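Notes follow once the structure below has been shown.
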Amino acid sequence: MRPQLILLGAPGTGKGTQAKNIVESFGYNHISTGDLLRNEIAKDSELGQKVKGIMDRGDLVNDQVILELLNANCDIGDTAYIFDGFPRNIEQVKLLETEVLKGSASRAIFFDIDLEVLIERISNRRIAPKSGEIYNLISRPPKVPGKCDISGEDLIHRKDDNEETVRNRLEVFKSTIAPILEYYEEKGSLVRIDASKSAVEVFTLVEAAVNN
Ligand code: AMP
């Protein structure tokens, strides 16, 4: 069975875009904890109401909440998953191993990039919620302004993609990433890729990481 894939990297490094490419080329299932949480907010569920403020600030949602959400939406069995946006701290790394993967082989791919460029990248990001397409007003603008090329739906600017929240999300990332990388490095399952390249070039690196 293919290894489970764990995409690591700051917000805006292209994990979501590459996860979509991996699904199309390799048939993985994509699990984004951020998308699952945004779904709960869209449904206005009890959980959604609880996490909305936390997400608007760019802070991390409680580990147990994330674990429950994951277990409700993924069942490893014979299925190969891409974990995108999880784990976010060393406690979640341990929860992933013991409560989700339970011995299933995994590989972590770290999207490495200079954090300074990310604020601009994220401010220019626009999302099509239904089709899942991700645009960038500079590097990948939609053909018709404000509309998704595939579905025609209106593009949105995520509420937490404003500069103040992005700065906090980057601070949270900086304060949590080191032990996560150390863990996967020691395990011998970490692949670092240069995420500053174009999406097409990054996918070539991702393909090599998945195949090797
Ligand atoms: P993302 O879409 O991955 O950028 O996540 C958006 C927001 O959802 C984050 O800023 C957190 O508030 C929350 N979130 C997503 N994944 C996690 C996670 N694994 N642990 C805690 N909070 C998370």
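Restricting the stretch 185-197 to residues that are touching a helix residue (DSSP H, G or I) at 6+ places or on another chain (Cβ under 8 Å) and not in a loop (DSSP other than H, G, I, E, B), the residue that is surrounded by the fewest Cβ atoms within 10 Å (Cβ to Cβ) is 194. Limited to the stretch 15-35, what total is found for residues that are over 8 Å from the mean Cα position of the chain (by Cα), open to solvent by less than 60 Å² (accessible area, probe 1.4 Å) and closer than 23 Å to residue 163 by Cα? Total satisfying the criteria: 1.
You will find that of 36, 7, 96, the residue that is touching a residue at least 24 places away in the same chain (Cβ under 8 Å), more than 28 Å from residue 186 (Cα to Cα) and not acidic (Asp, Glu) is 36 and no other.
Here residue 83 meets the list (1) more than 8 Å from the ligand (Cβ to nearest atom); (2) within 27 Å of residue 122 (Cα to Cα); (3) surrounded by fewer than 20 Cβ atoms within 10 Å (Cβ to Cβ) almost entirely, failing just condition (3). Being under 25 Å from residue 185 (Cα atoms), out of contact with any strand residue (DSSP E or B) (no Cβ under 6 Å at 6 or more places or on another chain), among the acidic types (Asp, Glu) and more than 11 Å from the ligand (Cβ to nearest atom) is a property that residue 91 lacks. Given the structure, is residue 106 open to solvent by 60 Å² or more (accessible area, probe 1.4 Å) and of a type in the set (S, T, N, Q)? Spelling it out, it is not the case that residue 106 is open to solvent by 60 Å² or more (accessible area, probe 1.4 Å) and of a type in the set (S, T, N, Q). How many of the residues making up the stretch 149-161 are of a type in the set (A, V, I, L, M, F, W, C) and either out of contact with any strand residue (DSSP E or B) (no Cβ under 8 Å at 6 or more places or on another chain) or on the phi > 0 side of the Ramachandran plot (or both)? Of the residues in that region, 1 qualify. Filtering 78, 44 for residues that are over 22 Å from residue 167 (Cα atoms), modelled with pLDDT under 95 and either under 18 Å from the mean Cα position of the chain (by Cα) or more than 13 Å from the ligand (Cβ to nearest atom) (or both) leaves a single hit, 78.
Return the pair list, or none, for Cβ contacts closer than 9 Å from residues in the stretch 133-151 that are closer than 13 Å to residue 123 by Cα and at pLDDT 95 or above to residues that are charged (D, E, K, R) and assigned to a loop (DSSP other than H, G, I, E, B), at least 6 apart or on different chains. Here the result reads 135/149, each pair linking the stretch 133-151 to a residue that is charged (D, E, K, R) and assigned to a loop (DSSP other than H, G, I, E, B). Do you know which residues across the stretch 166-178 are away from the ligand (no atom under 11 Å from the Cβ) and crowded, with 17+ Cβ neighbours inside 10 Å? Result: 177, single match. Could you look through the stretch 122-138, keep only residues that are open to solvent by 10 Å² or more (accessible area, probe 1.4 Å), touching a strand residue (DSSP E or B) at 6+ places or on another chain (Cβ under 8 Å) and farther than 21 Å from residue 204 by Cα, and pick out the one that is farthest from the ligand (Cβ to nearest atom)? The qualifying residue farthest from the ligand (Cβ to nearest atom) is 137. Taken over the stretch 139-165, the residue count meeting the criterion of being closer than 29 Å to residue 184 by Cβ and within 14 Å of the ligand (Cβ to nearest atom) is 4.
The values are calculated or read from the model by the stated rules, or taken from the named source; none is laboratory data. The structure displayed is predicted, hence computed values, not measured ones. Glycine gets a Cβ as well: all are built from the backbone with ideal geometry, and neighbour counts include every protein chain shown. Note: accessible area is taken over every heavy atom of the protein model, side chains too, but ligands, DNA and RNA are not part of it. Shrake-Rupley method; radii C 1.70, N 1.55, O 1.52, S 1.80 Å.
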